[in-house]
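Only the coordinates and a few stated rules stand behind these numbers; no lab work does. Because the structure is predicted, anything quoted here is derived from the model rather than measured. FYI the Cβ positions are ideal-geometry reconstructions off the backbone, even for glycines, and counts take in every protein chain you see.
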Amino acid sequence: MAAPVSSVSHRPHHIIVFGATGFTGRFVVEEVARCAAERTGGGSLKWAVAGRSRQRLEEVLERAAERLSMPEVRTDTEIIVADVSDEESMAAMCKQGVVVLNCVGPYRFYGEPVVKACVENGAHYVDICGEPQFLERMQLEYHTKASDKGVYVIGSCGFDSIPADLGILYTHRQFKGTLTAVESFLKFSSGTEGMCGHDTTWQSAVHGFADSGSLRQLRKKFGHKPAACSGSQSPKEGFCVFQ
Ligand SMILES: NC(=O)c1ccc[n+]([C@@H]2O[C@H](COP(=O)([O-])OP(=O)(O)OC[C@H]3O[C@@H](n4cnc5c(N)ncnc54)[C@H](OP(=O)(O)O)[C@@H]3O)[C@@H](O)[C@H]2O)c1
């Protein structure tokens with residue numbers, strides 16, 4: 001059973017945005033700043049940015065302050081310098097936060113030291129990973145340790161799971177009867193310049209597909225059984241392209 005977040009609330013920050021200088025991290029910084037400013041009641045939300053370059057982190061805060069017209073984001077937000085390859089810096093960062101939002105990817109290369117440091121130093125961990133090999137390996141290797149420490153390790157809090165989870169929840173609530181299967185469709189719309197993806201996401205996908213054999217091996221270790229299903233069979237999952 002995990003300890004409630006309030007039990008570590010003596011830490012200086014409720015949230016630490018790690019990888020705040022990245023493409024995604026910058027959006028997360030703005031969102032956290034907005035949420036902190038809008039928060040009413042229950043005390044203020046204390047947060048910090050973290051990454052391997054103080055100068056780049058300062059630039060991120062500067063830009064966020066300007067975009068949000070909130071100068072206090074630049075002046076009042078603490079900067080923590082931490083590098084994935086420096087274990088001490090990771091531990092020092094994790095000791096200062098209740099929750100670490102990890103935006104440093106590809107996770108298969110950089111994620112484990114962050115999960116490890118969070119578990120060992122009692123900070124809850126959240127990421128936006130879309131790399132199943134990493135997510136499932138972390139579950140195999142850290143579930144028991146995290147559970148013993150009362151730490152939550154929550155992967156894939158991004159595009160890969162949030163729309164699907166909310167979609168299922170919504171459908172379940174609206175559906176009159178027993179919901180046995182849900183098919184979801186994804187439609188991309190591009191502008192006049194076409195579509196593009198960010199380089200690190202591309203790398204994560206390429207390495208993931210290239211290494212799909214190891215995922216099959218990993219899943220054997222879990223021994224997952226298909227979820228119980230009543231009524232008609234679930235449709236087969238897969239990709240199809242609609243013109
Ligand atoms: N599932 C989703 O919805 C979703 C959406 C977007 C992104 N993602 C995933 O999120 C990850 C990040 O994507 P991105 O496009 O934001 O990548 P990015 O722009 O390349 O940012 C990577 C971040 O990692 C930091 N970093 C790299 N090596 C580090 C180290 N040794 N120590 C500390 N920080 C280090 C970089 O810091 P520097 O500035 O110092 O280089 C930067 O802040 C990727 O794995 C991507 O697939 C998932």
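See the values below:
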quantity	calculated
Pairs from Lys46/Lys116; Lys187/Lys221; Lys145/Lys225; Lys46/Lys149 whose Cα-Cα separation, in the structure shown, is over 32 Å	Lys187/Lys221
Net lengthening on full extension, Glu62/Gln217 (0.36 nm per residue, minus Cα-Cα)	51.2 nm
Sites Phe109 and Lys176, calculated FRET efficiency, Cβ-Cβ separation with R0 51 Å, nearest 0.05	0.60
Sorted by Cβ density within 10 Å, fewest first, the residues Arg63, Arg108	Arg63, Arg108
³J(HN,Hα), Karplus 6.51/-1.76/1.60, whole Hz, each residue of region 199-214, x for Gly, Pro	3, 5, 5, 4, 4, 4, 5, 4, 5, x, 5, 5, 10, 5, x, 5
Fully extended contour minus Cα-Cα distance, from Leu186 to Ser53, at 0.36 nm per residue	44.2 nm
Ile80 long-range amide H proximity, modeled H, under 5 Å	Val49, Ala50, Gly51
Candidates Ala82, Ala228, Ala210, ranked by Gaussian network fluctuation over the chain, Cα under 10 Å, top entry	Ala228
Whole-Hz couplings from phi, Karplus 6.51/-1.76/1.60, listed for region 125-142; x for Gly and Pro	10, 9, 9, 10, 5, x, 10, x, 4, 5, 4, 6, 5, 4, 4, 5, 8, 10
GNM flexibility winner over the chain from Phe222, Phe27, Phe134 (Cα, springs under 10 Å)	Phe222
Length-normalised contact order for the chain - Cα pairs under 8 Å, 6+ apart - percent	17
Simple label model, 7 Å out from Cα along Cβ direction - His143 to Glu87, nm	2.6
FRET efficiency, 1/(1 + (r/R0)^6) with R0 51 Å, evaluated for Lys225 and Glu38 via beta carbons	0.75
